[in-house]
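So the structure is just underneath, and the comments pick up after that.
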Amino acid sequence: MLKELAQFLVDQIFEFGYPGIFILMAVESSFIPFPSEIVLVPAGYLASQEKMNIVLITLSAVGGSMVGALINYYLAYFVGRRFLKKYGKYFFISKETLAKMDSFFTKHGAISTFTGRLIPAVRQLISIPAGLAHMDIVKFSIYTALGAGLWSLVLIFLGYFIGENQELIDQYLKQITFSVVILVIIFAFIYYKIKTKRV
């Protein structure tokens, strides 16, 4: 079943090309849960067969991820903020909580956005608190693109070097995901220590 699904996706991506990757990654990066690995791993495999170009796959993936992330950001920016100001008390979110979130994203928005893009489940959601906190859009875009680009390259190269071996892909993807989460925790700890020393 998985092999058939992977083959179907390879065929579809090859048929629609880079616009297909762009659209699927925009969906993946928005509020619709859609695993990026089922798009980029097959795309990486196609690159290994010289049917696609790694640079163009990466650009399409990052471009799509940016569109999805900006959808979440601006929904939270314009709709979510207004909603929480009016009804937040019913969800135990006060104006003071929003002020603290604003302060946090002013100080730590860049690192939170970048690392958030590397963590499963958080990847799609990190844009929402950034939008609620009115994080600077330039900073948000830069660090979203960096995080999305790094994760996209991991998946693309996984497909490029491992190809159609679904068992190996599953095994390495779990290992990579675990390693990335550990590295993010270590990085966040070091960042926290540096910040507290400066205070």
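The lone criterion from (1) in a helix (DSSP H, G or I); (2) surrounded by 21 or more Cβ atoms within 10 Å (Cβ to Cβ) left unmet by residue 52 is number (1). Need the failing condition index for residue 153 against (1) open to solvent by 40 Å² or more (accessible area, probe 1.4 Å); (2) over 17 Å from residue 34 (Cβ atoms); (3) hydrophobic (A, V, I, L, M, F, W, C); (4) touching a Phe, Trp or Tyr at 6+ places or on another chain (Cβ under 8 Å), just the number. Every listed condition holds for residue 153 apart from (4). Taking first residues from the stretch 75-101 that are more than 16 Å from residue 134 (Cα to Cα) and partners that are at pLDDT below 75 and part of a loop (DSSP other than H, G, I, E, B), the Cβ contacts under 9 Å between residues at least 6 apart in sequence or on separate chains come to 87/93; 88/94.
Which is part of a helix (DSSP H, G or I), open to solvent by 10 Å² or more (accessible area, probe 1.4 Å), over 17 Å from residue 161 (Cα atoms) and not β-branched (Val, Ile, Thr), of 45, 74?
Details: 45 fails: over 17 Å from residue 161 (Cα atoms).
After applying the criteria, what remains is 74.
Here 139, 100 are screened, and the one residue that is open to solvent by 20 Å² or more (accessible area, probe 1.4 Å), modelled with pLDDT of 85 or more, closer than 28 Å to residue 75 by Cα and out of contact with any Asp or Glu (no Cβ under 7 Å at 6 or more places or on another chain) is 139.
Using the structure shown, decide if residue 82 is modelled with pLDDT of 75 or more, of a type in the set (D, E, K, R) and exposed (fewer than 14 other Cβ atoms within 10 Å of the Cβ). Steps first, answer last, please.
Values: modelled with pLDDT of 75 or more: yes; of a type in the set (D, E, K, R): yes; exposed (fewer than 14 other Cβ atoms within 10 Å of the Cβ): yes.
Yes.
From the list 26, 69, 61, the lone residue that is touching a Leu at 6+ places or on another chain (Cβ under 8 Å) and open to solvent by less than 70 Å² (accessible area, probe 1.4 Å) is 61.
The values are calculated or read from the model by the stated rules, or taken from the named source; none is laboratory data. Note that the structure is predicted; figures quoted are calculated from it, not measured. Neighbour counts are summed over all protein chains in view; Cβ atoms, including those assigned to glycine, are modelled from backbone coordinates with ideal geometry. In case anyone asks, the SASA skips ligands and DNA or RNA and just uses the protein heavy atoms, side chains included. Shrake-Rupley method; radii C 1.70, N 1.55, O 1.52, S 1.80 Å.
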